[in-house]
Amino acid sequence: MRAGRLRTRITLRRPATVTGRSGATRITWADEATIWAERVRLSGTSLVETDEQFSDYRAEFNIREAHEVAEKWQVQEEGGNLYAVTNIIPNVMKGYKTLQCVRYNE
C-alpha cells in the first residue's frame with residue numbers, strides 16, 4: 001500500500017457494554033485508534049420508507065492491515081460523518097483492508 005494515498009484521518013471506535021447502577025446495560029463507544037486511511041468510494045442514494053425520505057450514504061476506506069478493526073465498529077471521519085463498519089475485505093498481497101461502511105442517520 002502506498003502511503004501517499006492515505007489522506008483521510010479517521011478514528012476507529014470499539015463498542016463497549018456498560019452496566020448502570022440499576023442493572024440496565026447500554027452500549028458506549030471507546031476510541032480505539034486515530035489513523036490515516038484512503039477513502040476509495042463515497043456514494044449516496046435516496047430511500048423512501050413509509051412516506052418518509054432518507055439519505056443513504058456508503059463509504060469505503062482502505063487502511064493498513066496491522067490496524068485492529070471488526071464489523072459493527074464505528075468509523076468517524078475527522079470533521080466529517082460517522083459510519084458503521086458492515087464488511088471488512090482483506091487484501092493481504094497489498095497489505096491493506098477495505099472497510100465497507102454505511103453512514104449513521106441521526
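The values are calculated or read from the model by the stated rules, or taken from the named source; none is laboratory data. Just so we're clear, the structure is a prediction, and the values are computed from it rather than from any experiment. Here the Cβ positions follow ideal geometry from the backbone for every residue, glycine too, while neighbour counts run over all protein chains shown.
Taking the range 1-87 and the strands (runs of 3 or more DSSP E) fully enclosed by it, the elements with 3 or more residues that are surrounded by 10 or more Cβ atoms within 10 Å (Cβ to Cβ) and free of Cβ contacts under 8 Å to residues at least 24 places away in the same chain are at 25-49. Only one of the numbered conditions (1) on the phi > 0 side of the Ramachandran plot; (2) in contact with a strand residue (DSSP E or B) (Cβ under 6 Å, 6 or more places away or on another chain) is not met by Gly79, and that is (2). Among the residues of the range 92-103, which ones are in contact (Cβ under 8 Å) with a residue 24 or more places away in the chain and either of a type outside the set (Phe, Trp, Tyr) or farther than 18 Å from Trp36 by Cβ (or both)? Matches in the range 92-103: Val92, Lys94, Gly95, Lys97, Thr98, Leu99, Gln100, Cys101, Val102, Arg103.
Residues are listed down the side, and each one gets a yes or a no for (1) more than 21 Å from Ile63 (Cβ to Cβ); (2) among the aliphatic types (A, V, I, L, M); (3) modelled with pLDDT of 95 or more; (4) in contact with an Asp or Glu (Cβ under 6 Å, 6 or more places away or on another chain):
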{"residue": "Arg5", "(1), (2), (3), (4)": "no, no, no, yes"}
{"residue": "Ile10", "(1), (2), (3), (4)": "no, yes, yes, yes"}
{"residue": "Gly20", "(1), (2), (3), (4)": "yes, no, no, no"}
{"residue": "Thr25", "(1), (2), (3), (4)": "yes, no, no, no"}
{"residue": "Thr34", "(1), (2), (3), (4)": "no, no, yes, no"}
{"residue": "Val40", "(1), (2), (3), (4)": "no, yes, no, yes"}
